[in-house]
1. Go through (1) out of contact with any helix residue (DSSP H, G or I) (no Cβ under 6 Å at 6 or more places or on another chain); (2) surrounded by fewer than 18 Cβ atoms within 10 Å (Cβ to Cβ); (3) in a loop (DSSP other than H, G, I, E, B) for Glu64 and report which single condition fails.
2. Take Thr125 and tell me if it is closer than 30 Å to Ser16 by Cβ and at pLDDT 95 or above.
3. State which residue is nearest to Ile60 (Cα to Cα) when the search covers only the range 86-141 and only residues that are free of Cβ contacts under 8 Å to residues at least 40 places away in the same chain and of a type in the set (Ser, Thr, Tyr).
4. Can you pull out every residue in the range 42-60 that is closer than 11 Å to Lys22 by Cβ and buried (at least 19 other Cβ atoms within 10 Å of the Cβ)?
Amino acid sequence: FPVTIAAVGKSAVTASFEDSIKGKRVLVVEDNMMNVMVIRQFLQKWGVITEIALNGKEGISRLEEANYDAILMDIHMPEMDGIVATRAIRSLGLGRTVPIIALTAGVLREEQEKCMEAGMNEIMTKPLNPDKFRNLLMKYL
């Protein structure tokens, strides 16, 4: 069977991406179980170790117990939202340098500014675009 160069190139890029992030640890702080399932499915497919926290308080507790290579942080959650949690993480020195990527359905400029002011590194809109999600992971992991 002939193999096209485009097919080889794509699989090599995919393999390289997966090799570079395999075994990395990501904390997903998200209260919507459907979103958790989708995110976990992507991450596990790529070999990323995934842990879940259902709100900001839980996320902070997890950071006190373990180190992560990145945090995916929902903005709107009960008990403690993502902006408050990110400020706490940055001010407490927990994961001071760990990349925090905001997950939000809203893309209002005001909300984006609040995310960045709180210490988040990027904003990813929901529903997740697989290519954009992959590119963000490549950038930070």
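1. It is condition (3) that Glu64 fails.
2. Working: closer than 30 Å to Ser16 by Cβ: yes; at pLDDT 95 or above: no.
No: the conditions fail for Thr125.
3. Top of the filtered list is Thr86.
4. If the condition is that a residue be closer than 11 Å to Lys22 by Cβ and buried (at least 19 other Cβ atoms within 10 Å of the Cβ), then Leu43, Trp46, Val48 are the ones that fit.
The values are calculated or read from the model by the stated rules, or taken from the named source; none is laboratory data. What you see is a predicted model; the values in this text were computed from it and never measured. Counting neighbours? That spans all protein chains shown, and the Cβs are built from the backbone with ideal geometry, glycine included.
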